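Worksheet: the structure to be examined is printed underneath.
The values are calculated or read from the model by the stated rules, or taken from the named source; none is laboratory data. All figures in this text were calculated on a predicted structure; none of them were measured in a lab. Note that we place each Cβ from the backbone using ideal geometry, even for glycine, and neighbour counts take in every protein chain shown. Areas reflect the complete protein model, heavy atoms only, side chains present, ligands, DNA and RNA absent. Shrake-Rupley method; radii C 1.70, N 1.55, O 1.52, S 1.80 Å.
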Amino acid sequence: MSRRGLLLGGLTGVGAAAALAARRRDLPFLQDAPVAFDPVPTGCGAPDVSASERRLVISNWPSYIDPPRKKTSTLQEFEQRTDITVDYSDDVNDNIEFYDAVHERLQSCRAIDRDLMMLTDWMAAKMTWQGWIQPLDATRVPNLHANLIKPLKGVAWDPDLAFHAPWQSGLTGIAYNASKVGEVRSFTELLTRPDLKGRVTLLTEMRDTMGFMLRLEGADPEDFSSGDWANAFDRLEKTVLSGQLRGFTGNDYVKGLKNGDIVACEAWSGDVIQAQFDNPDIKFVVPEEGLALWSDNMLVPNGATHKANAEDWVNYFYDPEVAARLAAWVNYICPVKGAREEMEKIDPSLVDNPLIFPDDDMLADVFGFMQLDSQQEIAYEGAWVELVNA
């Protein structure tokens, strides 16, 4: 199981179509007004005991680091270099699930017994704006500021890297099995081609899938109205009712692509690289609608008592040589400038892989997803869960 985790829901055939048809529903009316977000300090500081306690507690996604207990691993080397003992867990299986597990404690200024956690852009932004994340000391993470690749700089929710450091990044596009079907060049084809009917999947991650649905409507996923959303959602619902989709999945689509149950799907770049090791017929396509670019980010939560140790970890993984070793294992986009050159020494076969080191042309038409306010999040997520689980 890779970092994107679990199968969250599915739909099949006539039963799902009947359920959806039986509940034609209007989306809640939302006022389209700009919402200002700023980090709000909550006064939940904790003493940093890093100097006396050489310890670091980390939560990350599954299979998102080279084997941590191998003697030559990046984690083992970090411990040897710094004399910091790392308690590493791969207990982040879903952004919302993780949020549900920790938000009550963070909201009430209680520690969550973690010094560092890795969360996707939109959840990282949400927690930062709620005032739950400690700022990073820029003087302690010089490698981050010197080596972060340009496409990941200046994000709207933290343009100065005051609170986050990208761990790995990825692209969302299309994958298909070339032994089963001809090339699928666009989401329009994915959702309409007769030869794909019933053998297509989309992702359960709302922002990934709805970003492309918004693009199909000519809307900007980073700045859309409630009307844009309603039109995009209506298009997706009609696609579901048509029987074009086999279902909505997490990264379980990889197994289906390999055995031919799924012939084309919305896919994450890192999953496709890993799948190609076993089946070279699995292809990744840059859709005509562009690519979604996202990152999972290192964050120090309020109440963490080993902040300086966490900053040492961030700075260590922004060393290009270390970053290249990590990228050679996880196969997602490496966020560290200079890692491509270091990869020549580690695994030359990966140096020209555009899904690890994309060039400017590949990143020419990438997009993110607009940060939602609380009203939008309740309405959109509620409609999404109802559709996916129908």
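Please enumerate the residues belonging to the range 58-78 that are part of a helix (DSSP H, G or I) and either open to solvent by less than 40 Å² (accessible area, probe 1.4 Å) or in contact with a Lys or Arg (Cβ under 7 Å, 6 or more places away or on another chain) (or both).
Of the range 58-78, the ones part of a helix (DSSP H, G or I) are 74-78.
Once the filter is applied, which keeps residues that are part of a helix (DSSP H, G or I) and either open to solvent by less than 40 Å² (accessible area, probe 1.4 Å) or in contact with a Lys or Arg (Cβ under 7 Å, 6 or more places away or on another chain) (or both), the range 58-78 yields T74, L75, Q76, F78.
Take the residues in the range 166-193 that are among the aliphatic types (A, V, I, L, M) and in a helix (DSSP H, G or I); name whichever of them is least open to solvent (accessible area, probe 1.4 Å). Taking the candidates together, the pick is L190.
Please tell me if G182 is over 21 Å from the mean Cα position of the chain (by Cα) and free of Cβ contacts under 8 Å to residues at least 24 places away in the same chain. Talk me through it step by step, then tell me what you get.
On the way: over 21 Å from the mean Cα position of the chain (by Cα): yes; free of Cβ contacts under 8 Å to residues at least 24 places away in the same chain: yes.
Answer is yes for this residue.
Confirm whether F277 is modelled with pLDDT under 95, aromatic (F, W, Y) and not in a strand (DSSP E or B). Taking the combined requirement at face value, the residue satisfies it. Against the numbered list (1) more than 30 Å from F277 (Cβ to Cβ); (2) of a type in the set (S, T, N, Q); (3) open to solvent by less than 20 Å² (accessible area, probe 1.4 Å), N95 comes up short only at (1).
Scanning the range 342-382 for residues that are in contact with a helix residue (DSSP H, G or I) (Cβ under 6 Å, 6 or more places away or on another chain), among the hydrophobic types (A, V, I, L, M, F, W, C) and in contact (Cβ under 8 Å) with a residue 24 or more places away in the chain turns up L355, I356, F357, L363, F369.
May I ask you to verify whether L136 is within 15 Å of P301 (Cβ to Cβ), out of contact with any strand residue (DSSP E or B) (no Cβ under 6 Å at 6 or more places or on another chain) and either buried (at least 18 other Cβ atoms within 10 Å of the Cβ) or at pLDDT below 95 (or both)? Working first, answer last.
Numbers: within 15 Å of P301 (Cβ to Cβ): yes; out of contact with any strand residue (DSSP E or B) (no Cβ under 6 Å at 6 or more places or on another chain): yes; either buried (at least 18 other Cβ atoms within 10 Å of the Cβ) or at pLDDT below 95 (or both): yes.
Yes; evaluated as a whole, the condition is true for this residue.
All conditions in (1) surrounded by fewer than 16 Cβ atoms within 10 Å (Cβ to Cβ); (2) free of Cβ contacts under 8 Å to residues at least 12 places away in the same chain; (3) under 26 Å from Y318 (Cβ atoms) hold for E104, with the sole exception of (3).
Among the listed residues G260, G243, which satisfies the condition of being in contact (Cβ under 8 Å) with a residue 40 or more places away in the chain and touching a Gly at 6+ places or on another chain (Cβ under 9 Å)? Outline the logic, then answer.
Working: G260 fails: touching a Gly at 6+ places or on another chain (Cβ under 9 Å).
Only one candidate qualifies: G243.
Put simply, of N251, N177 the only residue that is of a type in the set (S, T, N, Q) and either modelled with pLDDT of 95 or more or out of contact with any strand residue (DSSP E or B) (no Cβ under 8 Å at 6 or more places or on another chain) (or both) is N177.
Return yes when A22 is open to solvent by less than 70 Å² (accessible area, probe 1.4 Å) and either among the β-branched types (V, I, T) or at pLDDT below 90 (or both) and no when it is not.
No: the conditions fail for A22.
Scan the range 194-219 residue by residue and report those that are in contact (Cβ under 8 Å) with a residue 12 or more places away in the chain and either over 30 Å from E97 (Cα atoms) or open to solvent by 70 Å² or more (accessible area, probe 1.4 Å) (or both). Steps first, please.
Narrowing the range 194-219 to residues in contact (Cβ under 8 Å) with a residue 12 or more places away in the chain: 195-217, 219.
Across the range 194-219, the qualifying residues are D195, L196, K197, R199, E217.
Residue pairs whose Cβ atoms lie under 8 Å apart, sitting 6 or more positions apart in sequence or on different chains, and linking a residue in the range 279-291 that is under 15 Å from C265 (Cβ atoms) and open to solvent by 40 Å² or more (accessible area, probe 1.4 Å) to a partner that is charged (D, E, K, R) and assigned to a loop (DSSP other than H, G, I, E, B), are D281/K180; K283/E183. Just one of the listed residues (R215, R235) is basic (K, R), assigned to a helix (DSSP H, G or I) and closer than 29 Å to L119 by Cα, and it is R215.
Any chance you could count how many residues in the range 216-245 are within 14 Å of G198 (Cβ to Cβ) and under 23 Å from the mean Cα position of the chain (by Cα)? Matching residues across the range 216-245 total 1.
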